[in-house]
Amino acid sequence: MKTIKPIITLFIVTSFVIIMIPAMLVLPFSTDKADGKLSEKLVQPAKKKGEQMETIPSPAVEVAVYRSVSKNIQKLPLETYIVGVVAAEMPADFKLEALKAQALTARTYIVNQLLAKDAKELPNGANVTDTVNHQVYKNNDELKQIWGSDYKWKIKKITKAVEDTNGQILTYDGKPITASFFSTSNGYTENSEAYWGGVRPYLKSVSSPWDKISPKFYNTTVLSITDFERKLGVKVSNEESIGTVTARTPGKRVGTITIGGKKLTGKEIRETLDLKSADFSWERKGNNIIISTKGYGHGVGMSQYGANGMALEGKNYEDIVKYYYKGVTIQSSNNLLNTTTAKR
């Protein structure tokens, strides 16, 4: 029992040292005014350019597509429909940012269609067809047949473009725009009023130099003089000049032309002769008229090859759509679609 007291004494001394020494180290600074302290100001992750920060849940919206071949109506989720449209409307080997831009145009179009409830000349219950009258749409089975062994990587890439832009549409003054697009320009896009007659302030002519690398930039159509005269309702003279271009559009296409005493618009000639573009010229060779065109499509809105050219230069999808559609805003469609679904 005699060894217990020294042990207790040692324990007490050790405890005193452990407790007092840190206190003695801190004590000289306890009454001094602090020069600074560790503060906290948590930094929120920076919003990436074009990133959608909308937190409203996406409504469960279905699109009823009239399938022109099977003659039935197929209902599918809106974002699934967008994948099928982008896959059908733009080459999958285009840059991802160009595909994202295409996803915005496709989604804007269908949201506009759903809000307008424009079902003219559509079978009862359908929102759109799967043709160029609305937007071309292909389902997975059709894409597998078209793409074959490339299906997996192509559908994965297009699905990513759609998912990365989920719910985003293009608006002007808070309303979805007419998000028109086409394949290849003649170097310029066109004012909406120059082709359709209606003025849309966001559809203005812009330079699109990237299109010159498109395989569809130049096209040639050959018509016999007889067919040319019959289709246009004119008579080709033996003079050196076969018609005269009297006006050009803002997009450098043929505005008006006089031929054989008749005045026609470039749009009328393009549609009547089934030309690729309204930027055309022609010449007579023997018994034929050789018509040369630049560009492919009506020229209004976003050029697909132009969008890909911009993406190749490092532009993102927001840069692309805001270049081709002037003064637009990228916003969520969820509020608009929630309103429509609530009315059902």
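A few comments on the model shown:
- Backbone N under 17 Å from the residue 283 label point (7 Å along Cα→Cβ), restricted to the stretch 239-272: 239-245
- Pairs exceeding 26 Å between alpha-carbon atoms, taken from 138/267; 95/138; 100/152; 71/138; 216/252: 138/267.
- In this structure, the pairs whose alpha-carbon distance is over 27 Å, taken from 231/276; 204/285; 294/315, are 204/285.
- Cα centroid separation, the stretch 174-240 to the stretch 71-120 (Å): 24 Å
- Between residue 229 and residue 326, the C-beta separation translates, for a Förster distance of 45 Å, into a calculated FRET efficiency of about 0.65.
- Taking 16 Å as the cut-off, the amide N atoms of the stretch 309-333 that come nearer than this to a point 7 Å along the Cα-to-beta-carbon line of residue 93 belong to 309, 312.
- Förster radius 25 Å - calculated FRET efficiency between residue 246 and residue 292, Cβ distance, rounded to 0.05: 0.85
- Ranked packing of 66-76, 85-95, most packed first, by mean Cβ within 10 Å: 85-95, 66-76
- Loop-resident chymotrypsin sites (Phe, Trp or Tyr not before Pro) (DSSP state other than H, G, I, E or B) in the stretch 165-247 with no more than 12 further Cβ atoms inside 10 Å of their Cβ are absent.
- Gyration tensor (alpha-carbon) shape descriptor, the stretch 102-146, a/c threshold 1.5: oblate
- Fully extending the segment from residue 193 to residue 136 would add 18.1 nm, taking 0.36 nm per residue of separation and subtracting the current Cα-Cα distance.
None of the figures in this text is laboratory data; all of them are computed from the coordinates on show. Computed from a predicted model, the values in this text were never measured in an experiment. Virtual Cβ from ideal backbone geometry, glycine too; neighbours counted across all protein chains shown.
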